[in-house]
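Right, one structure below, let's go through it.
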Amino acid sequence: MVSPRVCQLVKGSLNSPINPYGRTKLMMENILDDLDHANGLKSVCLRYFKAAGANPEGELDKDHDPETHLIPLVLYAALGPIKGLTVFGKDYPTEDGTCMRDYIHINELAQAHSLALLHLMDGGISKKITLETAMATPYWTSSKLPVRLMERILSTHLQIEGLEIQRCL
């Protein structure tokens with residue numbers, strides 16, 4: 001397994017993906033750059049992590065089977081469909097030892113996509129935009145914080161197992 005060179009990505013970080021998912025995202029950005037230079041096809045690449053939330057009207061839904069996302073798993077552990085929860089990583093340099101997460105609400109994400117489309121329809125240039133909820137707002141959170149909040153709300157204790165992390169070089 002390849003380890004990342006740095007643990008935290010910031011503006012200006014080297015684009016050096018460590019897995020097929022990251023490599024294909026970067027490959028697509030490179031293809032769009034090439035299409036812009038060769039044919040003038042404009043694009044907007046939105047970079048973001050951890051889309052979360054639900055449509056307030058309840059009209060849209062998602063179905064993961066099996067569920068792999070932290071917040072739904074916290075709810076399942078609290079309400080009983082699953083027993084316990086595994087939070088990966090326990091020796092990051094954070095208050096509780098878990099990695100930091102950058103969540104963006106799906107409605108904000110939809111708005112960003114709409115604005116990107118309007119930019120292109122108005123003749124805008126190609127752009128790569130990082131949607132930085134983490135640096136701009138207090139939504140930068142540890143992996144265990146959603147668990148602890150649910151425990152507080154429900155006045156209960158959730159069984160959590162922490163595992164070793166993939167180390168940074």
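None of the figures in this text is laboratory data; all of them are computed from the coordinates on show. Predicted, not measured: the structure shown is a model, and the values here were computed from it. Cβ placement follows ideal geometry from the backbone for every residue including glycine, while neighbour counts extend to all protein chains displayed.
Computed quantities for the displayed model
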| quantity | calculated |
| --- | --- |
| Greater than 25 Å apart at Cα, pairs in Lys42/Lys62; Lys25/Lys144; Lys62/Lys127; Lys62/Lys128; Lys25/Lys83; Lys50/Lys90 | Lys42/Lys62; Lys25/Lys144; Lys62/Lys127; Lys62/Lys128; Lys25/Lys83 |
| Amide H contacts of Ser142 (H built 1.01 Å from N, under 5 Å, at least 5 apart or other chain) | Arg101 |
| Segment Ser114-Arg47, extension gain: residue separation times 0.36 nm, minus the distance between their alpha carbons | 22.7 nm |
| Residue order, fewest to most beta carbons within 10 Å, for Ser16, Ser126 | Ser16, Ser126 |
| Whole-Hz couplings from phi, Karplus 6.51/-1.76/1.60, listed for segment 32-40; x for Gly and Pro | 4, 4, 5, 5, 5, 5, 7, 10, x |
| Around Cys45: net Lys/Arg minus Asp/Glu count, Cβ-Cβ under 10 Å | +2 |
| Potential extension, Asp96-Arg23 segment - 0.36 nm per residue separation minus Cα distance | 23.2 nm |
| Full-stretch length increase - Lys127, Asn30 - with 0.36 nm per residue and alpha-carbon distance subtracted | 33.7 nm |
| Amide hydrogen neighbours beyond the local backbone of Lys127, cut-off 5 Å, H modeled | Ser43, Val44, Cys45 |
| Taking segment 20-163 and dividing mean pair separation by its residue count, relative contact order in percent (alpha carbons under 8 Å, at least six apart) | 35 percent |
| Where the Cα pairs of segment 20-163 fall when distances are cut into 5 Å bins, in % | 2, 8, 13, 16, 18, 15, 11, 8, 5, 3, 1, 0 |
| Under-5 Å amide H pairs with Ile104, H placed in peptide plane, nonlocal only | Ala51, Ala52 |
